[in-house]
Amino acid sequence: MNNSTIATDRHGSVKGVSISYEMSNVHSTGVGGSSIIAVQNGEITVGPESVGAAPGPACFGFGGTQATITDVNLLLGVLDPETYLNGEMFLDAERSKAVITKTIAEPLGVSLEEALVRMEDTYSQKMAGAFAHFVGDPETTTLAAFGGGGPMSACSAARIAGVRHVLVPKLAAVFSAFGISFSDIAQTYETNITGMDTTAVDEVKKAMEAKASRDMFQEGHELNDCTVDWRLVTEDKDGSSSPSAVYSDGLVPSPASGQTVILSLKATFALPHPVIEGGTPANKSDAVSSGTRAVRSSAKQIDTISVYQLEGQQPGATATGPAIVEGPFFTARVPAGWTLDISAAGDLLLTDAK
């Protein structure tokens, strides 16, 4: 983020192939809750292959025959079959045992318990490698963990990468859907006007405006109710561009040799944006535990740790790891050495005290 704007690339790329429109400067990697954990050449690997939503992890019982981190966390005790996805989905631990024994433990010649610990560590290492090179100052860097699976391994991956702060939004399981629900509706159009005279540019402008009017109408909004922004972009042969300038009617710039002048139109219908209270209350209180859970911490050790339900905790509530925090449709693992705090907005803030 730079000056409160999302960093974007004017010409994005997909798997290294340039595309003609801009994209948010976001990098992805093939490691997630459905990534296949396997053994190749005597080493545990994670992804990029995935079991996908169907058949999904073995424990889902839909025919999955390959191991995932979800299967691992079930057998480690991080996930409770009775409360997974708020108790709306049954998890079959026996299927996970059979798959991990066959595909991981036996090929490595180790016990099931040892396989689970190694799989979790390899998965955390893989996840940490996806963002470690973005880490700046550990004191000012925060890892955001969302989705149903992200919070389970976020702290272990953060520690490997040297990140001390993890944020798990209260709405982690539906974080992407929540964000898109109030994202402004916008359409962008561009046309090369290099060498055109004023009359030709005016005709191009009318055509772009007509297309924008039609497209925004299909979105359910009149163009007159939108913010319309006209810009000029000067682009070099290598695709780099100078900062855009506001377009004025009748303005036809003369580009330097080899440059292209592009007329850009962006039509935006602004949606109401929610205001989320930030910060952590100064007054602290002990988080209220809902019980305990037996969680494996090593091949030979199982710890009894506290479980906290995120909903119902008061802002300012705090506790120390090891612990499990269950939110709406997600489970967060808080390792030893980490503290958890409930923010003013009800989000989960995790800090590595080490």
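The values are calculated or read from the model by the stated rules, or taken from the named source; none is laboratory data. What you see is a predicted model, and the numbers here were worked out from it, not measured in a lab. As a convention, Cβ positions derive from the backbone with ideal geometry for all residues, glycine included, and neighbour counts pool all protein chains shown.
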request  = For the stretch 238-269, enumerate the residues that are under 30 Å from His221 (Cα atoms) and not in a strand (DSSP E or B).
outcome  = Pro243, Ser244, Tyr247, Ser248, Asp249, Gly250, Leu251
request  = Output the number of the condition that Gly149 fails; it satisfies all remaining conditions of (1) in contact with a Leu (Cβ under 9 Å, 6 or more places away or on another chain); (2) surrounded by 15 or more Cβ atoms within 10 Å (Cβ to Cβ).
outcome  = (1)
query = Given the conditions (1) in a helix (DSSP H, G or I); (2) crowded, with 21+ Cβ neighbours inside 10 Å, which single one is not true for Glu106?
reply = (2)
request  = Output the residue which, of all residues in the stretch 275-304 that are loosely packed, with under 10 Cβ neighbours inside 10 Å and among the aliphatic types (A, V, I, L, M), is farthest from Glu120 (Cα to Cα).
outcome  = Val275
request  = Test Thr199 against the criterion of being of a type in the set (Ser, Thr, Tyr), modelled with pLDDT under 90, in a helix (DSSP H, G or I) and not assigned by TED's automatic domain parsing to the domain that holds Gly32, and give yes or no.
outcome  = yes
message = Quick check on this structure: which one of Val39, Val46, Val14, Val51 is within 24 Å of Gly149 (Cα to Cα), free of Cβ contacts under 8 Å to residues at least 60 places away in the same chain and aliphatic (A, V, I, L, M)?
response = Val51
request  = Would you please name the residue that is farthest from Ser156 (Cα to Cα), looking only at residues in the stretch 314-354 that are of a type in the set (D, E, K, R) and outside any strand (DSSP E or B)?
outcome  = Asp347
key: Output for the stretch 76-103, where each listed residue is within 14 Å of Thr331 (Cα to Cα) and in a helix (DSSP H, G or I)   = Leu76, Tyr84, Leu85, Asn86, Gly87
message = Of everything in the stretch 129-153, what is touching a Lys or Arg at 6+ places or on another chain (Cβ under 8 Å) and aliphatic (A, V, I, L, M)? Give them in sequence order.
response = Met152
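Report whether or not Thr194 is surrounded by fewer than 17 Cβ atoms within 10 Å (Cβ to Cβ) and outside any helix (DSSP H, G or I). Talk me through it step by step, then tell me what you get.
Values: surrounded by fewer than 17 Cβ atoms within 10 Å (Cβ to Cβ): yes; outside any helix (DSSP H, G or I): yes.
The answer is yes for Thr194.
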remark   = Note on Val39: of the conditions (1) aliphatic (A, V, I, L, M); (2) within 20 Å of Lys300 (Cα to Cα); (3) not in a loop (DSSP other than H, G, I, E, B), unmet is (2)
Which listed residue is under 30 Å from Thr280 (Cβ atoms) and among the β-branched types (Val, Ile, Thr), from Thr68, Thr122, Thr101, Thr142 = Thr142
inquiry  = If I filter the stretch 73-95 for residues that are buried (at least 20 other Cβ atoms within 10 Å of the Cβ), β-branched (Val, Ile, Thr) and either touching a residue at least 12 places away in the same chain (Cβ under 8 Å) or out of contact with any Gly (no Cβ under 9 Å at 6 or more places or on another chain) (or both), do I get at least one hit?
reply    = yes
query = How many residues does the stretch 130-159 hold that are part of a strand (DSSP E or B) and touching a Gly at 6+ places or on another chain (Cβ under 6 Å)?
reply = 0
